[in-house]
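The structure appears right after this line, and notes come after that.
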Amino acid sequence: MQKLTLTRPDDCHLHLRDGAALKMVLPYTVQQFARAIVMPNLKPPVRSVEDAAAYRDRILAAMPAGKRFEPLMTLYLTDNTSPEEIIAAKASGFVKALKYYPAGATTNSDFGVTDIRKCDRVFEAMQEVNMPLLLHGEVIDVDIFDRERVFIERHLVSLQQRFPNLRVVLEHVTTADAVQFVLAAENIAATITPQHLLFNRNILFKGGIRPHFYCLPILKREEHRQALLKAATSGNPKFFLGTDSAPHTRNSKESACGCAGCFSALHAMALYAEAFEGENALDKLEAFASFYGPDFYQFPRNTEQITLIKKTWRVPDEVPFTESGLVPLGAGQEMSWQVAESE
Ligand code: DOR
Ligand code: ZN
């Protein structure tokens, strides 16, 4: 196959940052995606409808001229989020979900939830108004490779029993355990990133430590990657595209205490095409990228299209960013698909 035309996809999990960084990364997403679910972990986080409205305005102001793109906003759950904020969020029309970060789990999560039980009144309100909950599904007090599995056992099973009608996205799933849980659960879907489809944890240490493959949840064993590939290419609508593209400057990644996050917005659709082609499942890419996300969120599907063409190119070592450059996922590697420029 030399050419692949798809309904324009949506990125159901994206970090766009703010200020100069936002301006530098937004065009890559806009070139490929019609909409994105925008993560709220700014400094300070997007906690209220008012914060989200202001952030949305800044995103729209940073748009490349003549392009169309819809940022779908989320609020950051804290111990103090009120049920009233949920009702206001629903009424706003532009806030589409609430994001749960366990306090201390990842980048800018200091304001996160200290005990998920503290959110029960908020979950009640979300269930009531049909507002999805997006989970960074990790606990922080066990081995880094077990954090997702233990989150499911310790919190998610009971959350689902307490709020059976709450719609939940288990974000950036990384394990066979998560896949198995999502398959069996009602009202729960999952996003899958390109890095978790393309790499296992060995890449982190291949020939030396490689900080640009460090993200959270961390890459896992090959058997988990295989389970994710199988889920993503299965045609099951519970699994859909969310890049978790999370840009950090080269300096903050290549550091004694480097930040977590892979930058994939540059070439997200090419990365997914690579993964799906490896499974002989390019025919399953459109639904994963363009149908199942909006279906779960209860948005209309996009009607425009994008075209991927078979073409060998090399991922740049770096693209311009802020104080230092930005290193894309798989920098220097050859890719075999490219998104055709839209007019
Ligand atoms: O690797 C990650 N980077 N995981 C997250 O959960 C947050 C993200 C970021 O914002 O940099
Ligand atoms: Zn994320």
For F123, indicate whether it is aromatic (F, W, Y) and open to solvent by 10 Å² or more (accessible area, probe 1.4 Å). no
Here is a list of conditions, (1) closer than 19 Å to N108 by Cβ; (2) among the small types (G, A, S); (3) more than 16 Å from ligand 1 (Cβ to nearest atom); (4) open to solvent by 10 Å² or more (accessible area, probe 1.4 Å), and G93 meets all of them except one; can you say which number that is? (1)
Filtered residue count, region 70-123, keeping only those that are of a type outside the set (A, V, I, L, M) and away from ligand 2 (no atom under 16 Å from the Cβ): 21
Mind checking which residues of region 62-106 are of a type in the set (S, T, Y), under 29 Å from N302 (Cβ atoms) and part of a loop (DSSP other than H, G, I, E, B)? Y101
Which residues, counting only those in region 299-325, are open to solvent by 60 Å² or more (accessible area, probe 1.4 Å), closer than 14 Å to F69 by Cα and β-branched (V, I, T)? T303
For a quick check of your reading of the model, give me the residue pairs whose first member lies in region 1-16 and is touching a residue at least 60 places away in the same chain (Cβ under 8 Å) and acidic (D, E), whose second is surrounded by 18 or more Cβ atoms within 10 Å (Cβ to Cβ) and assigned to a strand (DSSP E or B), with beta-carbon atoms closer than 7 Å and at least 6 apart or on different chains. D10/R35; D10/A36; D11/A36; D11/L241
Of residues in region 144-181 being among the small types (G, A, S) and more than 16 Å from ligand 2 (Cβ to nearest atom), the one nearest to L229 (Cα to Cα): A176
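Among the residues of region 79-97, is any touching a residue at least 60 places away in the same chain (Cβ under 8 Å) and in contact with a strand residue (DSSP E or B) (Cβ under 9 Å, 6 or more places away or on another chain)?
Within region 79-97, one or more residues are touching a residue at least 60 places away in the same chain (Cβ under 8 Å) and in contact with a strand residue (DSSP E or B) (Cβ under 9 Å, 6 or more places away or on another chain).
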Filter region 174-187 for residues that are touching a Lys or Arg at 6+ places or on another chain (Cβ under 7 Å) and open to solvent by less than 20 Å² (accessible area, probe 1.4 Å); the one that is farthest from ligand 1 (Cβ to nearest atom) is V182
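Assess whether A246 counts as being farther than 23 Å from I140 by Cα and open to solvent by less than 30 Å² (accessible area, probe 1.4 Å).
No; evaluated as a whole, the condition is false for this residue.
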Exactly one condition in (1) surrounded by 21 or more Cβ atoms within 10 Å (Cβ to Cβ); (2) β-branched (V, I, T); (3) closer than 17 Å to H136 by Cβ is false for T233; which is it? (3)
Check on S290, away from ligand 2 (no atom under 16 Å from the Cβ), surrounded by 16 or more Cβ atoms within 10 Å (Cβ to Cβ), in a loop (DSSP other than H, G, I, E, B) and at pLDDT 95 or above: no
Taking the condition closer than 27 Å to L156 by Cα, buried (at least 19 other Cβ atoms within 10 Å of the Cβ) and aromatic (F, W, Y), does Y76 pass? yes
Considering only residues of region 126-173 that are of a type in the set (V, I, T) and either touching a strand residue (DSSP E or B) at 6+ places or on another chain (Cβ under 9 Å) or open to solvent by 40 Å² or more (accessible area, probe 1.4 Å) (or both), which is farthest from K99 (Cα to Cα)? I144
Of the numbered conditions (1) outside any loop (DSSP other than H, G, I, E, B); (2) away from ligand 2 (no atom under 16 Å from the Cβ); (3) touching a Pro at 6+ places or on another chain (Cβ under 9 Å), H196 satisfies every one except a single condition; which is it? (2)
Taking region 10-44, which residues are open to solvent by 10 Å² or more (accessible area, probe 1.4 Å), charged (D, E, K, R) and not in a helix (DSSP H, G or I)? R17, D18, R35, K43
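For region 213-267, how many residues meet the condition of being on the phi < 0 side of the Ramachandran plot, in a loop (DSSP other than H, G, I, E, B) and more than 16 Å from ligand 1 (Cβ to nearest atom)? Quick ask: steps written out before the conclusion?
If we filter region 213-267 for residues that are on the phi < 0 side of the Ramachandran plot, which is where we start, we get 213-234, 236-243, 245-260, 262-267.
Then drop every residue that is not in a loop (DSSP other than H, G, I, E, B), which leaves 214-221, 233-234, 236-238, 242-243, 246-249, 254-260, 262, 264.
Narrowing the set further to residues that are more than 16 Å from ligand 1 (Cβ to nearest atom) leaves 221, 233-234, 236-238, 256.
Within region 213-267, residues that are on the phi < 0 side of the Ramachandran plot, in a loop (DSSP other than H, G, I, E, B) and more than 16 Å from ligand 1 (Cβ to nearest atom) number 7.
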Would you check if A270 is buried (at least 20 other Cβ atoms within 10 Å of the Cβ) and more than 28 Å from V95 (Cα to Cα)? yes
Sort out which residues of region 107-119 are more than 16 Å from ligand 1 (Cβ to nearest atom) and either in contact with a Leu (Cβ under 9 Å, 6 or more places away or on another chain) or part of a strand (DSSP E or B) (or both), and write them in order of number. I116, C119
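Quick one: which residue in R210, R221 is open to solvent by 60 Å² or more (accessible area, probe 1.4 Å), more than 16 Å from ligand 2 (Cβ to nearest atom), within 19 Å of T175 (Cβ to Cβ) and at pLDDT 95 or above?
Only one candidate passes the filter, namely R221.
The values are calculated or read from the model by the stated rules, or taken from the named source; none is laboratory data. Everything numeric here is computed off the predicted structure, so don't read it as measured data. Because the Cβ atoms are built from the backbone with ideal geometry, glycine has one as well, and the counts that use them run over all protein chains shown. Side chains included, ligands, DNA and RNA excluded: accessible areas come from the protein's heavy atoms. Shrake-Rupley method; radii C 1.70, N 1.55, O 1.52, S 1.80 Å.
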